[in-house]
Amino acid sequence: MQTGFNRWVPVIISLCCLFNLTDDVLAQAISTVLDDARHHLRNGSEPEWSDFESAPESHELVLEFEARANPDEWCLEVTQNNVKQNWFISINGTKLAALHVNENPIVAFFSIPPDTLMDGVNELRITTTAAVPDDIVVSQIVLHREARSEFLRQTATLVVVEERGKAIPCRITVMREAVLPETDMRQEILMTTGCETSQELAVRPGVIYCTGQARILLPAGTYTLIAGRGPEYGIAETQVTLREGEEQNIRMDLIREVDTSGFVSCDTHVHTFTHSRHGDATIEERMLTLAGEAIELPVATDHNLHIDFVPVAHRMKMLDYFTPVIGNEVTTKIGHFNVFPVDSEQVPLPNFKSETWEEIFASIKSTPSVQAIILNHARDLHSQFRPFDPRNHLASLGRSANGWQLQVNAMEIINSGAQQTDMMRLVDDWMGMLNAGHRLTPVGCSDSHDVARHFVGQARTYIRANDENVGALDTAQAIDNFVNGRVVVSCGLFCTIKVNGEFTSGDMVPSSGEYEVEIDLHGPSWVEADEIELFANGKSVYTKILSPEQRSYAGLKCRATVPLNWPFTNDCFLVAVARGPGVRRLHWPVARPYQPTSPHWLPLCMSVTGAVWIDINGNGLFDAAKQVAMQVRQQCGGDFDSTLAELSRLDQATSLHTWAHWMNYGQPDLTDEQQLRLRRSEPHVRDAYATYMTEWRASQIEAVR
């Protein structure tokens, strides 16, 4: 299978030796390393991340090298890392291409058109015009005297991936190992292949989604291949050494390691380049990635469009693997909201040009059949508006600072395509909303626009529903359970909660003398778990640290059974959160934060349960903290001592809302005597007051900026 110039290399070398030809002639027959140093480039004054705190080499790379003119197409190899903005490669003033916008390390290859190089000294530049700071690393720059397509197709490996003897859609990750320049450390790097996207393959550097079989074309060398299918499955890994012209056959078996019976995997936030016009995943590639990541209930949410995946999925024979739902990311100047289901593509769009929440939500609610309304990425800035910015929102109170009414019934708490610096930030925001009386389903989603960079289904929502036939799911049942909070949010881990052996997420637990909480934590062997934490009304009440042996178990990693210690008389909701270190290997890498608030970042894998509601007071209802606080205010009026006495038997969330009522959500007016009595009150009452004051002041500062 030798191709192009490479088949003549042995002959040329022999002739050079025989006739004692010059080194220049020999150099033309082989690849040439132009530069093997590590170059740290930065286009701004401040480091983007703490692991790039050292001073950069420059804001651009300028490299001079000796070469001969290229009468034919050749190619350039560049190893890149942490590229978030557009960086362009040029040779002798001719722009070749842009580096791949992808923060993961990649061995990239770029075509050099004929007559780009000249005899003698040539100049290579890597530059950016981006205004947003970006720290990148480039290294191992190699000139190959062969066309890109030929160089990348020196070998062929037929990979078949099966589950129980049957080919299964999956992701295959191809990596090359390299020694980092100026260190002895070895690093896995995504390796560009010679494969091309087709009806059967979705291809990006180092990543191939397929229906169970892929013929992978590569240069000669040694590579690691990993097959996977999302967090319900283990991974299959093998190393291959390939000689030029060689063909190999490899079979890889995937084993389901996590039992999610009775749940369907849903990604509520899925885009395509075909319709959203940004990112890179065409609608055909999206079908392959959904199947390859085992997303069973994908919701199409292209911006301000109603898109039906069914015709394309049917044409590609993918409907055995998932049941599509038509949705819409209603994209406005004052927030983004995913809505579904929509009956058809012909249904009129909600008015996304409205400039008030009242009008936007009225328009959404008038859209036939829509049941789920999700607040998307509440901490992200779009169109100069951030829904949960302190100037707009008091997080602990779950209350708008400007009087706007948020009319949603779900909220993203893990968005793997728009990660938070603190991955608990949105979880805390959500629990604050629950304490304010908002019944919101927690949502995990990918917000994926891409094939590989921010891939579909990394964060997802498991919905309690019949999952026996994923190609014909009962969408009405699934969506009803979604709206009612019968869910588990997953980003690598799968955590469930049960109270008194019977009641789980979305359920109301009747009043009882005792409450026993059982938390199960599942995950694949390649995702580690560190701890389980139980929250009651947003306050941590129990933590279990996993043993070293449990961390990497396949399947059930840990079961924790704990009596609920709730000394208060008001109702409470329970939420379990599981955490572990973020996956760093390139078959499933957790992305860096989308809009970081700090250069320091700790990647996590997580799972969050939907809330279980406990009717502590036995009135047959769930009384949220805000509602109980209003009752305290009515009962005690302006009597400060009575209020303190009442709060001593109520929890911190209720105390927080009581102080907000007391201050009328404004400037505190406690007298010196009241301040003294407050300091002598129960710790949770004092802490609630301090939390309110801190948050209120922060909101006031932001409001005048």
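Throughout, read-outs are computed from the coordinates displayed, never taken from laboratory work. Note that the coordinates shown come from a computational prediction; the quantities given were computed from them, not determined experimentally. So basically every Cβ, Gly included, is an ideal-geometry build from the backbone, and we count neighbours across all protein chains shown.
Among His587, Cys558, Cys605, which residue has its Cα furthest toward the positive end of the charge dipole of the stretch 557-667, with +1 on Lys/Arg Cβ and -1 on Asp/Glu Cβ?
Of His587, Cys558, Cys605, it is His587.
Net charge around Arg633, counting only other residues with Cβ within less than 13 Å of its Cβ (Lys, Arg = +1; Asp, Glu = -1)?
Overall, the nearby charge balance is -1.
So if we plug the beta-carbon distance of Gln407 and His600 into 1/(1 + (r/R0)^6) with R0 = 30 Å, what FRET efficiency do we get, rounded to 0.05?
The formula returns an efficiency of 0.25 here.
Dipole magnitude of the chain about its Cα centre, charges +1 at Lys/Arg Cβ and -1 at Asp/Glu Cβ only, in debye to the nearest 20?
660
Please work out the Cα center distance from the stretch 74-153 to the stretch 441-455, rounded to the nearest Å.
A separation of 28 Å, based on Cα centres.
Under a straight-distance cross-link criterion of Cα-Cα below 26 Å, which lysines are reachable from Lys498, leaving out those fewer than 8 residues away in the same chain?
Lys539, Lys544, Lys557, Lys626
Expressed as a rounded percentage, what relative contact order does the stretch 269-380 have, with Cα pairs under 8 Å and six or more residues apart?
So the answer I get is 21 percent.
Normalised by the residues of the chain, what does the relative contact order come to in percent, with Cα pairs under 8 Å and at least six apart?
Here the relative contact order equals 10 percent.
Quick one: Cα centre-to-centre distance for the stretch 459-492 and the stretch 606-635, in angstrom?
Here the two parts' Cα centres lie 25 Å apart.
With only Lys, Arg, Asp and Glu charged, each at its Cβ (+1 for the first two, -1 for the last two), find how big the charge dipole of the stretch 263-614 is about the Cα centre; round to the nearest 20 debye.
Once rounded to the nearest 20, the dipole reads 740 debye.
Given a cut-off of under 8 Å on Cα pairs at least six residues apart, what relative contact order in percent is computed for the stretch 155-253?
Relative contact order comes out at 39 percent.
Can you find, among Ala227, Pro169, Val179, the residue farthest towards the positive end of the dipole of the stretch 155-253? Put +1 on the C-beta of Lys and Arg, -1 on that of Asp and Glu.
Most positive-ward Cα: Pro169.
At R0 = 22 Å, how high is the FRET efficiency between Ser58 and Ala97 if r is their beta carbon distance? Nearest 0.05 is fine.
0.60
Charges on Cβ only, +1 for Lys and Arg, -1 for Asp and Glu, centred on the Cα centroid of the chain; of Pro524, Cys445, Ser198, which one is farthest towards the dipole's positive end?
Going by the charge dipole, the pick is Cys445.
What value, in deg cm²/dmol to 500, does the helix sum -39500 (n - 2.57) over DSSP H runs of n ≥ 4 give at 222 nm once divided by the residues of the chain?
Estimated from H runs of four or more residues: -5500 deg cm²/dmol.
Suppose we keep just the alpha-carbon trace of the stretch 107-266; what are its Rg and Dmax in angstrom?
18.9, 68
Based on the Cβ-Cβ distance of Ser648 and Arg705, what FRET efficiency does E = 1/(1 + (r/R0)^6) give at R0 = 35 Å, to the nearest 0.05?
E(calc), rounded to 0.05, equals 0.40.
Kindly list the residues of the stretch 414-433 that lie in the label zone of Asp530, defined by a backbone N under 16 Å from the point 7 Å along the Cα-to-C-beta vector.
Residues 420-425 qualify, since their backbone N sits under 16 Å from the label point.
Quick one: helix 9-19 against the long Cα principal axis of the chain, what's the angle to the nearest 10°, folded into 0 to 90?
40
What distance in nm separates the two pseudo spin-label positions at Asp259 and Glu247, each 7 Å out from Cα along the beta-carbon direction?
Placing both labels 7 Å along Cα→Cβ, they lie 4.4 nm apart.
Give, in nm to one decimal, the length gained when the segment between Asn565 and Ser198 is fully stretched (0.36 nm per residue of separation minus the Cα-Cα distance).
126.4 nm
Summarise the long-distance tail of P(r) for the chain by giving the % of C-alpha pairs beyond 53 Å.
That fraction is 17 percent.
Run down the lysines and flag those whose C-alpha is under 19 Å from the C-alpha of Lys166, throwing out any fewer than 8 positions away in its chain.
Answer for Lys166, where 19 Å is the Cα cut-off: Lys317, listed by chain and number.
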